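S.K.: What follows is a structure written as structure tokens; I'll ask about it next.
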Amino acid sequence: MATATITSDQDAIVAEIFIAAPPARVFEAITDPRQRAQWWGIGDSPSLPPKVVPFRVTEAKSDLRVGGKWSNDGIRGGVPFRLEGEYLEIDPPRLLVLTRVADFVGDFETIVRWELEPREVHGLYTHGAHKMGTGTLLRVRHSGFGGHSEQMKSHYDGWCVSLGWLRDFIEHDVTVDRRQGM
């Protein structure tokens, strides 16, 4: 399960999760537009909590280079949405820093910093097949929320859920279409 905290200055969210896959695999799922569209989102389901609005990415693009642009276009609650930004730092497979502007949150830019740290996996599960090799401790710092407390709270919840989706996609091939509720 992902964990998250809000920084004391109320400007950033710091979230982390362990994923039982090497950093290169996790980096690929974050940066590859095809894969990003498969794991990021939630379909409509009777088991969705009342405040959760289903959404899905219909088109994702990435020009993965410093100064390159990225975007996710999709549908959220029946209404089109767009997230976009620019890559600021890229050091595969350990670091990705990008700007982020989401048309559904207001006219302000935030910074998302993805840090991927290799971790050895030994006896991760107490029953069944034991996964051995290298896993990834993924830390995300999403900053630039000063003065936008409602958006920070929403993104805090969103990061906890989204990082779980990423882990489930990488470890179990769970896509938006296969995910049932939250």
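S.K.: Yes or no: Gly85 touching a residue at least 24 places away in the same chain (Cβ under 8 Å) and more than 17 Å from the chain's Cα centre (by Cα)? Outline the logic, then answer.
M.R.: Numbers: touching a residue at least 24 places away in the same chain (Cβ under 8 Å): yes; more than 17 Å from the chain's Cα centre (by Cα): no.
No, not satisfied.
S.K.: Looking at segment 102-121 only, could you name the residues that are farther than 21 Å from Leu163 by Cβ and touching a Ser or Thr at 6+ places or on another chain (Cβ under 8 Å)? Show your work before the answer.
M.R.: So the first thing to find is which residues in segment 102-121 are farther than 21 Å from Leu163 by Cβ, and the list is 103, 106-109.
The answer is Glu109, and nothing else.
S.K.: Report whether or not Ser45 is over 21 Å from Glu171 (Cα atoms) and at pLDDT below 85. Walk me through how you get there before you give the answer.
M.R.: Values: over 21 Å from Glu171 (Cα atoms): yes; at pLDDT below 85: yes.
The answer is yes for Ser45.
S.K.: Which of the residues spanning segment 146-182 are assigned to a helix (DSSP H, G or I), of a type in the set (D, E, K, R) and surrounded by fewer than 13 Cβ atoms within 10 Å (Cβ to Cβ)?
M.R.: Of everything in segment 146-182, just one residue is assigned to a helix (DSSP H, G or I), of a type in the set (D, E, K, R) and surrounded by fewer than 13 Cβ atoms within 10 Å (Cβ to Cβ), namely Glu150.
S.K.: Under 6 Å between Cβ atoms, at least 6 apart or on separate chains: pull out the pairs that start in segment 101-114 with a residue that is more than 13 Å from His155 (Cβ to Cβ) and end on any residue that is among the basic types (Lys, Arg).
M.R.: Note: pairs meeting the criteria are Asp103/Arg82; Arg113/Arg141.
S.K.: Could you list, in sequence order, the residues of segment 97-108 that are part of a strand (DSSP E or B) and at pLDDT below 95?
M.R.: Step one: of segment 97-108, the residues part of a strand (DSSP E or B) are 97-102.
Within segment 97-108, Ala102 is the sole residue that qualifies.
S.K.: Which ones in segment 109-130 are modelled with pLDDT under 90 and surrounded by fewer than 15 Cβ atoms within 10 Å (Cβ to Cβ)?
M.R.: Glu120, His122, Gly123, Leu124, Tyr125, Thr126, His127, Gly128, Ala129, His130
S.K.: Give Ile19, Ile13, Ile6 a once-over and let me know the one that is closer than 21 Å to Tyr156 by Cβ and in contact with a His (Cβ under 7 Å, 6 or more places away or on another chain).
M.R.: Details: Ile19 fails: in contact with a His (Cβ under 7 Å, 6 or more places away or on another chain); Ile6 fails: in contact with a His (Cβ under 7 Å, 6 or more places away or on another chain).
Just one listed residue meets the conditions, Ile13.
S.K.: Please state which one of Leu83, Leu88, Leu96 is out of contact with any Gly (no Cβ under 9 Å at 6 or more places or on another chain) and among the aliphatic types (A, V, I, L, M).
M.R.: Details: Leu83 fails: out of contact with any Gly (no Cβ under 9 Å at 6 or more places or on another chain); Leu88 fails: out of contact with any Gly (no Cβ under 9 Å at 6 or more places or on another chain).
Of Leu83, Leu88, Leu96, the one residue that is out of contact with any Gly (no Cβ under 9 Å at 6 or more places or on another chain) and among the aliphatic types (A, V, I, L, M) is Leu96.
S.K.: Quick one: in segment 59-82, of everything that is surrounded by 13 or more Cβ atoms within 10 Å (Cβ to Cβ) and more than 16 Å from the chain's Cα centre (by Cα), which residue is farthest from Arg179 (Cα to Cα)? Explain how you work it out, then say what you get.
M.R.: Applying the first criterion (surrounded by 13 or more Cβ atoms within 10 Å (Cβ to Cβ)) to segment 59-82 yields 60-62, 64, 68-76, 81-82.
Imposing the further condition that a residue be more than 16 Å from the chain's Cα centre (by Cα) reduces the set to 64, 68-69, 75-76, 81.
Details: Leu64: 28, Gly68: 31, Lys69: 29, Ile75: 17, Arg76: 16, Phe81: 21 Å.
Checked segment 59-82; the qualifying residue farthest from Arg179 (Cα to Cα) is Gly68.
The values are calculated or read from the model by the stated rules, or taken from the named source; none is laboratory data. All values derive from a computational prediction rather than experimental measurement. Here the Cβ is made from the backbone with ideal geometry for all residues, glycine too, and neighbour counts use every protein chain on show.
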